[in-house]
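The values are calculated or read from the model by the stated rules, or taken from the named source; none is laboratory data. Bear in mind the structure is a predicted one, so any value in this text is a computation, not a measurement. Neighbour counts are summed over all protein chains in view; Cβ atoms, including those assigned to glycine, are modelled from backbone coordinates with ideal geometry. When the accessible area is computed, the model is the full protein with side chains, heavy atoms only, and any ligands, DNA or RNA have been set aside. Shrake-Rupley method; radii C 1.70, N 1.55, O 1.52, S 1.80 Å.
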Amino acid sequence: MVKVHFSHVTHWVFDLDDTLYPPHARLFDQVRARMTQYVMDNLNLTHAEADRLRYEYWRRYGTTLAGLMREHDIDPLPYLTHVHDISFDDLEPDAALAGHIADLPGRRIVYTNGSAPYAERVLAARGLSGLFDAIYGVEHADFRPKPEREAFEAVFARDGLQSHLAAMFEDDPRNLSAPHAMGMRTVHVAPKRGEGEHIHHHTDDLTQFLSGLV
């Protein structure tokens with residue numbers, strides 16, 4: 001049974017995008033489009049050039065923002081405001097998911113490479129407001145992104161998390177490497193399982209997976 005592997009967990013950490021809502025909502029497509037537009041406008045690039053750079057910085061640095069800060073000294077706050085100014089009309093409340101999260105024993109937090117205010121709006125649209133003890137965005141890691149271990153350490157230190165008593169739920173397999181190394185139980189939430197020993201469990205249905213833990 002999967003449940004036995006989580007019997008020690010008292011701290012539950014959830015990523016946000018494509019984790020606490022299903023990928024078919026395609027919310028992050030809007031964010032990506034606004035990232036590309038921001039790069040176009042601020043670096044005076046064509047759409048194709050900006051989109052290539054957006055992806056390259058995500059691949060190399062973990063987030064597009066991290067690349068823009070390192071390579072171009074971009075101010076992160078206006079960037080975060082711009083890219084998260086999107087519609088949430090395609091998100092639907094999920095009462096079953098809310099119930100299973102509420103049943104998890106211990107402390108529950110959200111940790112995203114987006115901003116905390118954006119996360120709060122997503123949670124509200126999903127009917128998940130009030131279920132988490134804290135919501136952390138990239139700003140709480142001094143704008144260092146997952147998958148950098150220093151980013152996790154900064155957020156977890158702020159929260160008082162004991163990693164050997166924690167589990168991490170995340171759609172990007174890269175972002176489970178540091179939690180695994182820190183002693184956390186890792187769950188890859190995605191249509192297809194990522195590769196690597198740093199992934200303990202996989203699910204394409206977070207609601208169903210959580211139903212087996214309580």
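So the values come out like this:
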| item | result |
| --- | --- |
| Sole exception among (1) more than 16 Å from LYS3 (Cα to Cα); (2) open to solvent by less than 20 Å² (accessible area, probe 1.4 Å); (3) among the hydrophobic types (A, V, I, L, M, F, W, C) for MET182, by number | (2) |
| Pair list, Cβ under 8 Å, 6 or more apart: the stretch 187-211 residue farther than 18 Å from ASP17 by Cα, other residue of a type in the set (Ser, Thr, Tyr) and open to solvent by 30 Å² or more (accessible area, probe 1.4 Å) | GLY196/SER177; HIS198/SER177 |
| Flag for VAL110 being under 19 Å from HIS11 (Cα atoms), among the aliphatic types (A, V, I, L, M) and open to solvent by less than 20 Å² (accessible area, probe 1.4 Å) | yes |
| Among (1) open to solvent by less than 40 Å² (accessible area, probe 1.4 Å); (2) in contact with a strand residue (DSSP E or B) (Cβ under 9 Å, 6 or more places away or on another chain) - the single one LYS192 does not satisfy | (1) |
| Residue in the stretch 129-138 that is part of a loop (DSSP other than H, G, I, E, B), under 21 Å from LEU65 (Cβ atoms) and open to solvent by less than 30 Å² (accessible area, probe 1.4 Å) present | yes |
| Residues within the stretch 1-55 that are among the acidic types (Asp, Glu), in a helix (DSSP H, G or I) and crowded, with 16+ Cβ neighbours inside 10 Å, tallied | 1 |
| Residues (β-branched (Val, Ile, Thr) and open to solvent by less than 50 Å² (accessible area, probe 1.4 Å)) located in the stretch 75-103 | VAL83, ILE86, ILE101 |
